[in-house]
Each structure stands twice: as structure tokens, then as C-alpha cells.
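The values are calculated or read from the model by the stated rules, or taken from the named source; none is laboratory data. Predicted model, so just to flag it, every value in this text is computed and none were measured. Counting neighbours? That spans all protein chains shown, and the Cβs are built from the backbone with ideal geometry, glycine included.
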Amino acid sequence: MKLEQELVILGLLKDKPRHGYEIRKQINDFLTYFTGLGYESIYYSLTALEKKGIVKRIVTASKNRPDKYVYSLTEKGKERFSALLDKSFLHIQRPYFGIDISLFFLPYLDSDNVRIKLKARLRILKKIELNLLKFYSEIRSQKPPHLLAILEHNLELIKTEINFVSNLISRLNKI
């Protein structure tokens, strides 16, 4: 399991005990928007964390429904969450953009096709920027500093990518 995935799961459990479905829903509906992380199956990860003693699960039974499991952090899990959070602040990884590979092979590509692809990329980036700005304006009045910081960071990254692609298109138009 990736450290980012473990950190997200533990962070959601730090907030409160949750069902596996609720964890997956929080990740897919909310955190994916900020982090790009998404998980189809969360239960493998929860089982692995339970085996390590990081989370515990409690069975909740009802008469007409199958058993449900509620997961919560153990003391070891709380310590692990704090350690991963500290590590995350200092973890610096070079951003990877799929376009870099295509740019490496630019001399082998048809320049008209490259311009078409770059313009399509630019349209997509601008849609992403628009969605981020919309979400930012929706939550700005609530002033949750952690969410505003994430959005501001992502907006800066998108603006930089838009600027880069726009400049590249201009340079290719001059060739």
C-alpha cells in the first residue's frame, strides 16, 4: 500500500470511526478532487492495516442486513498517522507530467498534430482551472484554511501549466 493511501485512510479515521464504504466515498467524492487519489476497493488496505494493528474493526449487526464493519484507529494507528503526516510535509517529489515524454519525442511528431493536441490540452487545463476557481469561490466564505491552501496550491500549478502550454503553442506557431 502506498504511503499516501495509508495517510489518507488513517486521516479519515482520525476524524472519526467509519465504515469502509464511507471511507471510500469520502476519498472518491472529496479527496480525489484535491489529491488525485481514488480507490475502487478500500477493504484490502483496511485488512492490511488491521493485521498490522494500526486499525481495529468492530462488527455491527442488524436483523435484516449483513454485518457491517466500523474501523477506528488504535493507539499505534494514531502514532503512525502522526509519523506519516510529518513525513508527508518533507517529502518532495518531482512532479511528473505525461506530456514530458511526448515533448522528448517532439522532433518525430507532425507539428500540425502537435499543435492540435496542445490546444486540446490547453482547453482541458482551462476547464480544470475553472472548476477549481468555482470550488474555491464556494468555500472561500467558510474559510477552512487547509482546503483553501490546497486549492491555492493547485491553482498555481494549473496556471503554470496553462502558461507553459500557451507559450509552447506560440513557439510552435513560429516554426
Residues of the range 122-175 classified as touching a residue at least 24 places away in the same chain (Cβ under 8 Å), among the aliphatic types (A, V, I, L, M) and under 30 Å from S111 (Cβ atoms), total:
11
Which residue out of K126, K119, K174 is among the charged types (D, E, K, R) and modelled with pLDDT under 90?
K174
Conditions first: (1) under 18 Å from the mean Cα position of the chain (by Cα); (2) farther than 28 Å from K2 by Cα; (3) assigned by TED's automatic domain parsing to the domain that holds G20; (4) not aliphatic (A, V, I, L, M). S45 passes all but one, so which condition is the exception?
(2)
List the residue pairs whose Cβ atoms are under 9 Å apart, where the first residue sits in the range 93-111 and is over 29 Å from L3 (Cα atoms) and part of a loop (DSSP other than H, G, I, E, B), the second is small (G, A, S) and modelled with pLDDT of 90 or more, and the two are 6 or more positions apart or on different chains.
L109/S102
Exclusive hit being at pLDDT below 95 and closer than 30 Å to N154 by Cα, set K68, K25:
K25
Does I99 count as closer than 30 Å to R121 by Cβ and β-branched (V, I, T)?
yes
What number of residues in the range 129-167 are of a type in the set (A, V, I, L, M, F, W, C), in contact with a helix residue (DSSP H, G or I) (Cβ under 6 Å, 6 or more places away or on another chain) and closer than 15 Å to F97 by Cβ?
3
Conditions (1) surrounded by fewer than 16 Cβ atoms within 10 Å (Cβ to Cβ); (2) in a helix (DSSP H, G or I); (3) modelled with pLDDT under 90; number of the one not met by T47
(3)
Do we have any residue at all in the range 139-158 that's β-branched (V, I, T), farther than 30 Å from Y21 by Cβ, exposed (fewer than 11 other Cβ atoms within 10 Å of the Cβ) and under 23 Å from the mean Cα position of the chain (by Cα)?
no
Yes or no: S41 surrounded by fewer than 16 Cβ atoms within 10 Å (Cβ to Cβ), in a strand (DSSP E or B) and not aliphatic (A, V, I, L, M)?
no
Considering each residue of the range 14-33, count those that are out of contact with any helix residue (DSSP H, G or I) (no Cβ under 7 Å at 6 or more places or on another chain) and under 21 Å from D67 (Cα atoms), and give that number.
7
Filtered residue count, the range 1-17, keeping only those that are surrounded by 19 or more Cβ atoms within 10 Å (Cβ to Cβ) and without any contact (Cβ under 8 Å) to a residue 24 or more places away in the chain:
1
Identify the residue in the range 50-66 that is within 14 Å of R80 (Cβ to Cβ) and in a loop (DSSP other than H, G, I, E, B) and, among all such residues, is nearest to the chain's Cα centre (by Cα).
I54
